[in-house]
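**Student:** Questions regarding the structure given below will be posed in turn.
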Amino acid sequence: MIQSEVRDTTTADVVAELRRRPAFVMVSHVKPDGDTLGAGLALGLALRGLGKRVHYFQQDPVPRNLRFLADSELVSRQVPSDLPADTLWVFCDMSDTSRAGEFLPPIEHRNILDIDHHLANARFGAYNYVLETECSTGTCVLKLLDAMNVPVTPPIATALLTTIMTDTGGFMHSNTTASVLRTSAWLMERGADKEKITDWIFANKRLAAVGLLGEALSMARVGEDGKYCWSVVDDAMLRRHGADGEDTEEIIGHLRSIEGVDVAALFKAFEGDVRVSLRSNGRVNVQAVAQRLGGGGHFRASGFTFEGSLDDAFVAARDALRAEGL
Ligand code: AMP
Ligand code: MN
Ligand code: MN
(Lines give C-alpha, C1' and ligand atoms only; values in the text may rest on other atoms or scores of the structure.)
(Ligands and ions follow the chains in the order given, each with its own letter.)
Protein backbone atom coordinates (compact mmCIF):
# COMPACT_ATOMS: atom_id res chain seq x y z
CA MET A 1 0.00 0.00 0.00
CA ILE A 2 1.59 3.27 -1.11
CA GLN A 3 0.28 5.20 1.87
CA SER A 4 1.99 2.93 4.39
CA GLU A 5 5.24 3.02 2.40
CA VAL A 6 5.26 6.79 2.76
CA ARG A 7 4.68 6.71 6.48
CA ASP A 8 6.86 3.72 7.35
CA THR A 9 10.49 3.99 8.33
CA THR A 10 13.16 2.23 6.29
CA THR A 11 15.28 -0.53 7.79
CA ALA A 12 18.35 1.72 7.47
CA ASP A 13 16.69 4.57 9.36
CA VAL A 14 15.51 2.29 12.17
CA VAL A 15 19.00 0.80 12.42
CA ALA A 16 20.55 4.29 12.59
CA GLU A 17 18.20 5.12 15.46
CA LEU A 18 19.01 1.90 17.31
CA ARG A 19 22.72 2.67 16.96
CA ARG A 20 22.34 6.30 18.04
CA ARG A 21 20.29 5.82 21.20
CA PRO A 22 21.97 5.00 24.52
CA ALA A 23 18.99 3.46 26.31
CA PHE A 24 15.86 1.49 25.44
CA VAL A 25 12.62 0.34 26.99
CA MET A 26 11.03 -2.64 25.23
CA VAL A 27 7.26 -2.50 25.63
CA SER A 28 5.00 -5.52 25.20
CA HIS A 29 1.22 -5.69 25.07
CA VAL A 30 -1.22 -6.66 27.82
CA LYS A 31 -2.02 -10.38 28.07
CA PRO A 32 1.40 -10.96 26.55
CA ASP A 33 2.16 -13.78 24.13
CA GLY A 34 5.38 -15.27 22.83
CA ASP A 35 5.57 -12.78 19.97
CA THR A 36 5.28 -9.48 21.83
CA LEU A 37 7.62 -10.68 24.58
CA GLY A 38 10.03 -12.73 22.43
CA ALA A 39 10.49 -9.89 19.94
CA GLY A 40 11.30 -7.39 22.69
CA LEU A 41 13.63 -9.78 24.47
CA ALA A 42 15.48 -10.66 21.25
CA LEU A 43 16.07 -7.01 20.40
CA GLY A 44 16.89 -6.19 24.02
CA LEU A 45 19.44 -9.01 24.27
CA ALA A 46 21.08 -7.86 21.03
CA LEU A 47 21.24 -4.23 22.16
CA ARG A 48 22.61 -5.25 25.55
CA GLY A 49 25.28 -7.14 23.62
CA LEU A 50 26.22 -3.79 22.05
CA GLY A 51 26.62 -2.26 25.52
CA LYS A 52 23.30 -0.39 25.49
CA ARG A 53 21.10 0.12 28.54
CA VAL A 54 17.88 -1.92 28.16
CA HIS A 55 14.72 -2.25 30.26
CA TYR A 56 11.62 -4.32 29.60
CA PHE A 57 8.18 -2.92 30.40
CA GLN A 58 5.12 -5.12 30.50
CA GLN A 59 1.98 -4.39 32.47
CA ASP A 60 1.11 -8.04 33.12
CA PRO A 61 3.44 -10.64 34.64
CA VAL A 62 5.37 -12.93 32.29
CA PRO A 63 3.06 -15.89 31.56
CA ARG A 64 4.24 -19.13 33.15
CA ASN A 65 4.91 -20.76 29.80
CA LEU A 66 7.33 -18.00 28.68
CA ARG A 67 9.53 -17.88 31.76
CA PHE A 68 12.23 -19.93 30.02
CA LEU A 69 13.14 -16.96 27.80
CA ALA A 70 16.47 -15.24 28.56
CA ASP A 71 16.03 -11.85 30.25
CA SER A 72 12.35 -12.59 31.03
CA GLU A 73 13.28 -12.24 34.72
CA LEU A 74 14.05 -8.55 34.03
CA VAL A 75 10.54 -7.78 32.74
CA SER A 76 8.66 -5.38 35.01
CA ARG A 77 5.74 -2.99 35.29
CA GLN A 78 8.11 -0.45 36.88
CA VAL A 79 9.99 2.08 34.78
CA PRO A 80 13.28 3.46 36.18
CA SER A 81 13.20 7.17 37.06
CA ASP A 82 16.70 7.96 35.76
CA LEU A 83 16.23 7.18 32.05
CA PRO A 84 18.08 9.52 29.65
CA ALA A 85 15.87 11.99 27.75
CA ASP A 86 16.62 10.26 24.45
CA THR A 87 15.64 6.79 25.60
CA LEU A 88 13.88 4.95 22.76
CA TRP A 89 10.63 3.17 23.68
CA VAL A 90 10.18 0.17 21.43
CA PHE A 91 6.58 -1.07 21.19
CA CYS A 92 6.45 -4.62 19.86
CA ASP A 93 3.47 -6.40 18.31
CA MET A 94 0.67 -3.91 18.84
CA SER A 95 -1.46 -1.71 16.59
CA ASP A 96 -1.70 1.19 19.04
CA THR A 97 -0.23 2.26 22.37
CA SER A 98 -3.40 1.51 24.34
CA ARG A 99 -2.52 -2.20 23.97
CA ALA A 100 0.41 -1.59 26.34
CA GLY A 101 -2.02 -0.90 29.20
CA GLU A 102 -2.36 1.95 31.65
CA PHE A 103 0.92 2.02 33.52
CA LEU A 104 3.24 3.71 31.05
CA PRO A 105 4.45 7.23 31.83
CA PRO A 106 3.84 9.87 29.13
CA ILE A 107 6.32 9.27 26.30
CA GLU A 108 7.39 11.91 23.77
CA HIS A 109 6.43 11.02 20.22
CA ARG A 110 10.03 11.42 19.00
CA ASN A 111 11.04 8.60 21.37
CA ILE A 112 8.66 5.95 20.04
CA LEU A 113 9.57 3.08 17.72
CA ASP A 114 6.65 0.88 16.63
CA ILE A 115 7.65 -2.60 15.40
CA ASP A 116 4.69 -4.69 14.29
CA HIS A 117 3.03 -6.96 11.72
CA HIS A 118 -0.67 -6.31 12.46
CA LEU A 119 -3.10 -5.11 9.82
CA ALA A 120 -4.24 -1.50 10.36
CA ASN A 121 -1.37 -0.54 12.64
CA ALA A 122 -1.95 3.10 13.65
CA ARG A 123 1.67 4.11 12.91
CA PHE A 124 1.78 5.74 16.34
CA GLY A 125 5.56 6.08 16.51
CA ALA A 126 8.04 8.63 15.23
CA TYR A 127 9.50 5.47 13.65
CA ASN A 128 7.16 2.80 12.32
CA TYR A 129 8.57 -0.52 11.21
CA VAL A 130 5.37 -2.29 10.22
CA LEU A 131 5.72 -5.31 7.95
CA GLU A 132 2.26 -6.80 7.48
CA THR A 133 3.52 -9.76 5.49
CA GLU A 134 5.81 -10.98 8.28
CA CYS A 135 4.53 -13.94 10.29
CA SER A 136 5.61 -12.40 13.60
CA THR A 137 6.99 -9.21 15.08
CA GLY A 138 10.05 -11.30 15.91
CA THR A 139 10.88 -11.78 12.23
CA CYS A 140 10.64 -7.97 11.79
CA VAL A 141 13.22 -7.72 14.57
CA LEU A 142 15.38 -10.32 12.82
CA LYS A 143 15.50 -8.10 9.72
CA LEU A 144 16.83 -5.29 11.89
CA LEU A 145 19.42 -7.50 13.58
CA ASP A 146 20.53 -8.73 10.18
CA ALA A 147 20.92 -5.16 8.89
CA MET A 148 22.84 -4.23 12.04
CA ASN A 149 25.12 -7.21 11.56
CA VAL A 150 24.84 -8.18 15.23
CA PRO A 151 25.44 -11.81 16.17
CA VAL A 152 22.33 -13.94 16.71
CA THR A 153 23.30 -15.82 19.87
CA PRO A 154 21.45 -18.96 21.03
CA PRO A 155 19.26 -17.03 23.53
CA ILE A 156 18.32 -14.51 20.81
CA ALA A 157 17.65 -17.34 18.34
CA THR A 158 15.40 -19.07 20.89
CA ALA A 159 13.45 -15.86 21.55
CA LEU A 160 12.97 -15.33 17.80
CA LEU A 161 11.91 -18.91 17.12
CA THR A 162 9.44 -18.51 19.99
CA THR A 163 7.85 -15.56 18.17
CA ILE A 164 7.49 -17.63 15.02
CA MET A 165 6.15 -20.73 16.73
CA THR A 166 3.67 -18.64 18.73
CA ASP A 167 2.23 -16.73 15.79
CA THR A 168 2.21 -19.69 13.38
CA GLY A 169 0.59 -21.93 16.01
CA GLY A 170 3.60 -24.24 15.97
CA PHE A 171 3.96 -24.01 12.16
CA MET A 172 0.29 -24.87 11.60
CA HIS A 173 -1.25 -21.58 10.44
CA SER A 174 -1.33 -20.43 6.83
CA ASN A 175 1.34 -17.79 7.55
CA THR A 176 3.87 -20.65 7.71
CA THR A 177 5.52 -20.01 4.35
CA ALA A 178 8.59 -21.74 2.95
CA SER A 179 10.55 -18.65 3.92
CA VAL A 180 9.31 -18.90 7.52
CA LEU A 181 10.50 -22.52 7.64
CA ARG A 182 13.90 -21.51 6.19
CA THR A 183 14.23 -18.74 8.78
CA SER A 184 13.28 -21.22 11.51
CA ALA A 185 15.92 -23.69 10.31
CA TRP A 186 18.49 -20.88 10.22
CA LEU A 187 17.59 -19.95 13.81
CA MET A 188 17.96 -23.59 14.90
CA GLU A 189 21.40 -23.65 13.29
CA ARG A 190 22.25 -20.67 15.50
CA GLY A 191 21.18 -22.54 18.61
CA ALA A 192 17.44 -21.90 18.89
CA ASP A 193 16.16 -24.56 21.27
CA LYS A 194 13.02 -25.77 19.49
CA GLU A 195 12.50 -28.67 21.87
CA LYS A 196 12.51 -26.33 24.85
CA ILE A 197 9.98 -24.02 23.15
CA THR A 198 7.72 -26.98 22.36
CA ASP A 199 8.00 -28.32 25.90
CA TRP A 200 7.31 -24.98 27.59
CA ILE A 201 4.64 -23.55 25.31
CA PHE A 202 2.86 -26.46 23.67
CA ALA A 203 3.31 -29.47 25.95
CA ASN A 204 3.11 -27.96 29.39
CA LYS A 205 -0.60 -27.61 30.13
CA ARG A 206 -1.73 -27.50 33.71
CA LEU A 207 -4.41 -30.01 34.68
CA ALA A 208 -6.59 -26.96 35.43
CA ALA A 209 -6.28 -25.85 31.81
CA VAL A 210 -7.32 -29.24 30.48
CA GLY A 211 -10.34 -29.34 32.83
CA LEU A 212 -11.34 -25.85 31.75
CA LEU A 213 -10.91 -26.80 28.10
CA GLY A 214 -13.26 -29.73 28.62
CA GLU A 215 -15.96 -27.58 30.18
CA ALA A 216 -15.63 -24.81 27.57
CA LEU A 217 -15.87 -27.36 24.75
CA SER A 218 -18.88 -29.04 26.32
CA MET A 219 -20.62 -25.65 26.35
CA ALA A 220 -19.75 -24.77 22.75
CA ARG A 221 -22.61 -23.72 20.51
CA VAL A 222 -22.80 -23.75 16.72
CA GLY A 223 -24.89 -21.36 14.62
CA GLU A 224 -25.13 -19.68 11.24
CA ASP A 225 -25.67 -23.02 9.47
CA GLY A 226 -22.68 -24.57 11.21
CA LYS A 227 -20.27 -21.83 10.13
CA TYR A 228 -19.91 -20.18 13.54
CA CYS A 229 -18.88 -21.83 16.80
CA TRP A 230 -18.57 -20.01 20.10
CA SER A 231 -18.12 -20.65 23.79
CA VAL A 232 -17.57 -18.79 27.04
CA VAL A 233 -15.21 -18.79 29.98
CA ASP A 234 -16.35 -16.91 33.07
CA ASP A 235 -15.13 -16.40 36.64
CA ALA A 236 -17.14 -19.34 37.99
CA MET A 237 -15.59 -21.72 35.44
CA LEU A 238 -12.09 -20.52 36.29
CA ARG A 239 -12.83 -21.04 40.00
CA ARG A 240 -14.24 -24.53 39.43
CA HIS A 241 -11.01 -25.67 37.79
CA GLY A 242 -8.52 -23.57 39.76
CA ALA A 243 -7.60 -22.00 36.41
CA ASP A 244 -6.70 -18.48 35.34
CA GLY A 245 -6.63 -16.48 32.10
CA GLU A 246 -3.42 -18.14 30.94
CA ASP A 247 -5.24 -21.47 30.93
CA THR A 248 -7.73 -20.35 28.26
CA GLU A 249 -5.35 -20.20 25.29
CA GLU A 250 -5.99 -23.61 23.76
CA ILE A 251 -9.75 -23.39 23.68
CA ILE A 252 -10.42 -21.32 20.60
CA GLY A 253 -8.28 -23.46 18.31
CA HIS A 254 -10.47 -26.45 19.11
CA LEU A 255 -13.63 -24.47 18.35
CA ARG A 256 -12.24 -23.37 14.98
CA SER A 257 -11.07 -26.87 14.06
CA ILE A 258 -14.61 -28.26 13.91
CA GLU A 259 -15.63 -29.33 10.41
CA GLY A 260 -17.56 -26.62 8.55
CA VAL A 261 -16.79 -23.89 11.06
CA ASP A 262 -15.48 -20.75 9.33
CA VAL A 263 -15.24 -18.56 12.44
CA ALA A 264 -14.86 -19.35 16.12
CA ALA A 265 -15.28 -16.96 19.02
CA LEU A 266 -14.36 -17.31 22.67
CA PHE A 267 -16.01 -14.88 25.08
CA LYS A 268 -13.81 -14.39 28.15
CA ALA A 269 -15.97 -12.81 30.84
CA PHE A 270 -13.67 -12.63 33.85
CA GLU A 271 -11.51 -10.14 35.74
CA GLY A 272 -14.31 -7.59 35.16
CA ASP A 273 -13.97 -7.49 31.35
CA VAL A 274 -15.57 -9.18 28.37
CA ARG A 275 -12.67 -9.94 26.03
CA VAL A 276 -13.43 -11.76 22.82
CA SER A 277 -11.02 -13.82 20.71
CA LEU A 278 -11.88 -14.55 17.08
CA ARG A 279 -10.35 -17.09 14.70
CA SER A 280 -11.13 -17.64 11.02
CA ASN A 281 -10.29 -20.35 8.52
CA GLY A 282 -9.59 -17.60 5.96
CA ARG A 283 -13.04 -17.02 4.47
CA VAL A 284 -14.05 -14.17 6.78
CA ASN A 285 -11.68 -11.35 7.75
CA VAL A 286 -11.92 -11.34 11.55
CA GLN A 287 -9.55 -8.37 11.78
CA ALA A 288 -12.29 -6.30 10.14
CA VAL A 289 -14.85 -7.82 12.53
CA ALA A 290 -12.76 -6.90 15.58
CA GLN A 291 -12.04 -3.43 14.22
CA ARG A 292 -15.80 -2.74 14.01
CA LEU A 293 -15.88 -3.36 17.77
CA GLY A 294 -12.80 -1.36 18.73
CA GLY A 295 -10.25 -4.17 18.52
CA GLY A 296 -7.89 -5.49 15.90
CA GLY A 297 -5.47 -8.21 14.91
CA HIS A 298 -4.96 -10.28 11.77
CA PHE A 299 -7.14 -11.66 8.97
CA ARG A 300 -7.45 -15.04 10.69
CA ALA A 301 -6.88 -14.11 14.37
CA SER A 302 -8.19 -11.06 16.16
CA GLY A 303 -9.73 -9.82 19.35
CA PHE A 304 -11.58 -7.00 21.04
CA THR A 305 -12.64 -5.90 24.50
CA PHE A 306 -16.39 -5.34 24.79
CA GLU A 307 -17.80 -2.53 26.93
CA GLY A 308 -21.05 -4.06 28.10
CA SER A 309 -22.70 -7.28 29.18
CA LEU A 310 -21.84 -10.75 27.94
CA ASP A 311 -25.25 -11.07 26.29
CA ASP A 312 -24.72 -7.81 24.42
CA ALA A 313 -21.26 -9.03 23.37
CA PHE A 314 -22.82 -12.15 21.77
CA VAL A 315 -25.16 -9.97 19.74
CA ALA A 316 -22.50 -7.44 18.78
CA ALA A 317 -20.09 -10.17 17.65
CA ARG A 318 -22.73 -11.93 15.59
CA ASP A 319 -23.88 -8.69 13.96
CA ALA A 320 -20.31 -7.71 13.09
CA LEU A 321 -19.58 -11.20 11.74
CA ARG A 322 -22.66 -11.09 9.53
CA ALA A 323 -21.67 -7.63 8.30
CA GLU A 324 -18.29 -9.07 7.27
CA GLY A 325 -19.88 -11.91 5.33
CA LEU A 326 -20.22 -14.84 7.72
P1 AMP B 1 -6.01 -13.25 21.11
O2 AMP B 1 -7.30 -13.84 20.70
O3 AMP B 1 -6.07 -12.48 22.39
O4 AMP B 1 -4.90 -14.25 21.08
O5 AMP B 1 -5.65 -12.17 20.01
C6 AMP B 1 -5.56 -12.49 18.65
C7 AMP B 1 -5.01 -11.34 17.90
O8 AMP B 1 -5.86 -10.20 18.03
C9 AMP B 1 -3.64 -10.86 18.35
O10 AMP B 1 -2.92 -10.51 17.21
C11 AMP B 1 -3.93 -9.65 19.19
O12 AMP B 1 -2.87 -8.73 19.14
C13 AMP B 1 -5.18 -9.09 18.57
N14 AMP B 1 -6.03 -8.50 19.61
C15 AMP B 1 -6.62 -9.14 20.63
N16 AMP B 1 -7.33 -8.30 21.40
C17 AMP B 1 -7.20 -7.07 20.85
C18 AMP B 1 -7.70 -5.76 21.18
N19 AMP B 1 -8.47 -5.53 22.25
N20 AMP B 1 -7.33 -4.74 20.37
C21 AMP B 1 -6.55 -4.95 19.30
N22 AMP B 1 -6.05 -6.14 18.92
C23 AMP B 1 -6.37 -7.21 19.69
MN1 MN C 1 0.64 -10.57 20.17
MN1 MN D 1 2.29 -11.06 16.58
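The values are calculated or read from the model by the stated rules, or taken from the named source; none is laboratory data. The shown structure was predicted, so the numbers you read here are calculated from the model rather than taken from an experiment. Note: ideal-geometry Cβ built from the backbone for every residue, glycine included; neighbour counts use all protein chains shown. To get the accessible areas, we keep the full protein, side chains included, count just its heavy atoms, and leave off ligands, DNA and RNA. Shrake-Rupley method; radii C 1.70, N 1.55, O 1.52, S 1.80 Å.
**Student:** Shape call for the range 1-154 from the C-alpha gyration tensor, a ≥ b ≥ c root eigenvalues: rounded (a/c under 1.5), prolate (a/b greater than b/c) or oblate?
**Tutor:** Details: a/c = 1.23, a/b = 1.18, b/c = 1.04.
Here the range 1-154 falls in the rounded category.
**Student:** For the pair Ala126 and Leu50, what calculated FRET efficiency results from E = 1/(1 + (r/R0)^6), where r is the Cβ-Cβ distance and R0 = 25 Å, to the nearest 0.05? Walk me through the numbers on the way to the answer.
**Tutor:** Working: r = 21 Å, r/R0 = 0.85.
For R0 = 25 Å, the calculated efficiency reads 0.75.
**Student:** One-quarter of the Cα convex hull surface for the chain, in nm²? Numbers along the way, then the final one.
**Tutor:** Numbers: hull surface 64.9 nm².
Averaging across all directions leaves 16.2 nm² for the Cα convex hull.
**Student:** When only Cα pairs under 8 Å and 6 or more residues apart are kept, what is the percent relative contact order across the chain? Please report the intermediate quantities before stating the final value.
**Tutor:** Working: 627 pairs, mean separation 41.3, N = 326.
Worked out over the chain, it gives 13 percent.
**Student:** Which cross-chain or sequence-distant (5 or more) residues have an amide H under 5 Å from the amide H of Lys31, H modelled 1.01 Å from N in plane?
**Tutor:** Asp60
**Student:** About its Cα centre, how strong a charge dipole does the range 11-202 have in debye, to the nearest 20, once Lys and Arg get +1 and Asp and Glu get -1 at the Cβ?
**Tutor:** Here the size comes out at about 360 debye.
**Student:** Heavy-atom accessible area of His254 with all protein chains present, probe 1.4 Å, nearest 10 Å²?
**Tutor:** Counting only protein heavy atoms, His254 exposes about 80 Å² to solvent.
**Student:** Ok, one more. Once all Cα-Cα distances of the range 63-194 are split into 5 Å bins that start at 0, what whole-number percent is in each one?
**Tutor:** For the range 63-194, the pair-distance distribution reads 2, 9, 17, 21, 21, 17, 9, 4, 1.
**Student:** With unit charges on the beta carbon (Lys/Arg positive, Asp/Glu negative), name the residue among Thr133, Phe314, Ala264 whose Cα is farthest towards the positive pole of the charge dipole of the chain.
**Tutor:** Toward the positive end, the furthest listed residue is Thr133.
**Student:** Can I ask one more? Any chance you could get the radius of gyration and Dmax over the Cα atoms of the range 207-323, in Å?
**Tutor:** 13.1, 39
**Student:** Sticking with this structure for a sec: How large, in percent, is the carbon and sulfur part of the accessible surface of the range 207-323 at a probe radius of 1.4 Å? Before the final figure, lay out each step's value.
**Tutor:** Values: 2560 of 5320 Å².
Roughly 48 percent, rounded to a whole number.
**Student:** Restricting to the chain, compute how many DSSP beta bridges are antiparallel as a %, nearest 5. Present the calculation step by step, with values, prior to reporting the outcome.
**Tutor:** Details: 19 of 45 bridges.
Taking every DSSP beta bridge within the chain, about 40 percent pair in antiparallel fashion.
**Student:** Oh, and also: Report the charge-dipole magnitude of the chain in Debye, nearest 20, computed about the Cα centre from +1 at each Lys and Arg Cβ and -1 at each Asp and Glu Cβ.
**Tutor:** On the way: 34 positive and 44 negative charges, 107 e Å.
Roughly 520 debye for the chain.
**Student:** For the range 207-323, with only Lys/Arg (+1) and Asp/Glu (-1) charged at the beta-carbon, what is the dipole magnitude about the Cα centre, in debye rounded to 20? It would help to have the intermediate numbers written out before the result.
**Tutor:** Working: 13 positive and 18 negative charges, 93 e Å.
In debye, rounded to 20, the range 207-323 gives about 440.
**Student:** Quickly rank 261-273, 33-45, 232-244 as a protection proxy: mean count of other C-beta atoms within 10 Å, highest first. Walk me through the intermediate numbers first.
**Tutor:** Numbers: 261-273: 19.4, 33-45: 29.0, 232-244: 16.4.
The packing order, highest mean first, is 33-45, 261-273, 232-244.
**Student:** How much FRET efficiency would the formula 1/(1 + (r/R0)^6) give for Glu250 and Phe299, where r is the Cβ-Cβ distance and R0 is 22 Å, rounded to 0.05?
**Tutor:** Details: r = 21 Å, r/R0 = 0.97.
Given R0 = 22 Å and the Cβ-Cβ separation, E is 0.55.
**Student:** With axes computed from alpha carbons, what is the tilt in degrees of helix 178-189 against the longest principal axis of the chain, rounded to the nearest 10 within 0 to 90?
**Tutor:** Rounded to the nearest ten degrees, it is 60.
**Student:** Have a look at Gly297, Leu255, Leu45 and report the one farthest towards the positive end of the charge dipole of the chain, computed about the Cα centre with Cβ charges (Lys/Arg +1, Asp/Glu -1).
**Tutor:** Leu45
**Student:** Hey, can you grab everything whose amide H is under 5 Å from the amide H of Val232? Only 5+ residues off in sequence or another chain; H modelled, so Pro and N-termini drop out.
**Tutor:** HN-HN under 5 Å from Val232: Phe267.
**Student:** Right, here's the next one. So, for the chain, what is the accessible surface per residue at a probe of 1.4 Å, expressed in square angstrom? Mind showing how you got there, number by number?
**Tutor:** Values: 14580 Å² over 326 residues.
Value returned for the chain: 45 Å² of accessible area per residue.
**Student:** In square nanometres, what is the average projected area of the Cα convex hull of the range 46-105?
**Tutor:** Over all viewing directions, the range 46-105 projects a mean Cα-hull area of 5.0 nm².
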